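All remarks here apply to the structure that follows.
Any read-out appearing in this document is the output of simple, stated calculations on the displayed coordinates, not a laboratory observation. Predicted model, so just to flag it, every value in this text is computed and none were measured. Because the Cβ atoms are built from the backbone with ideal geometry, glycine has one as well, and the counts that use them run over all protein chains shown.
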Amino acid sequence: MQKIRVGIGYDVHRLAENRKLILGGVEIPYHLGLFGHSDADVLTHAIVDAILGAAALGDIGTHFPDTDARYKGMDSFVFLRDTALKVKECGYQIENIDSTVIAQRPKLAPYISQMRQRLAETLEITIGQVNVKATTAEELGVVGEGKAIVAHATVCLSQR
Ligand SMILES: [Zn+2]
């Protein structure tokens, strides 16, 4: 019988000046970017955590600590690729990913298909296995004030 495992991931980063805005591996033109030790790709971080969670392999902070100078300014797709390899080595394959990005600004709809494409290519799965949704925070809280972006992800893995 095929074994199915699910995982969840959550991340938040604040928006700051002089930073690039990278979501799901796609650079989005905006006057602010996400602040963090790596490139602060909040969507990719949530997906990495969901994949690690489904495989019971801990979390992104344990595997890629933000105290490690090697990861400063790092492309989060390096974490994604590495995580995909780790779960593969444990005998898992990714069945599907669903995710939600919560951002008041900018409008993310024009970039969603590119994010799905990049994520799918890197994880060596089809675009039909990766979903990205975008919503606003209805101007409520820090996200609604445009000070931060949040991402949630769920992942389903199967064991061969
Ligand atoms: Zn993060």
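Structure values in brief
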read-out	value
Per-residue [θ]222 nm for the chain (sum of -39500 (n - 2.57) over DSSP H runs n ≥ 4, rounded to 500)	-8500 deg cm²/dmol
Order of VAL42, VAL155 under a 10 Å beta carbon neighbour criterion, fewest first	VAL42, VAL155
Order of VAL12, VAL26 - criterion: other Cβ atoms within 10 Å of each residue's Cβ, fewest first	VAL12, VAL26
Rounded to 5, the percent of DSSP beta bridges in the range 35-160 classed as antiparallel	60
5 angstrom amide H check on ALA134, placed H, neighbours 5+ away	VAL101
Residue order, fewest to most surrounding Cβ atoms within 10 angstrom, among HIS37, HIS45, HIS31, HIS13	HIS31, HIS37, HIS13, HIS45
Which of GLN129, VAL143, GLY36, positive extreme of dipole for the chain (C-beta unit charges)	GLN129
The chain: most fluctuating residue of ALA50, ALA137, ALA148 per GNM, C-alpha cutoff 10 Å	ALA137
Unit charges on C-beta of K, R, D, E only; dipole of the chain, Debye	220
Alpha carbon centroid spacing (whole Å) that separates the range 72-94 from the range 128-159	20
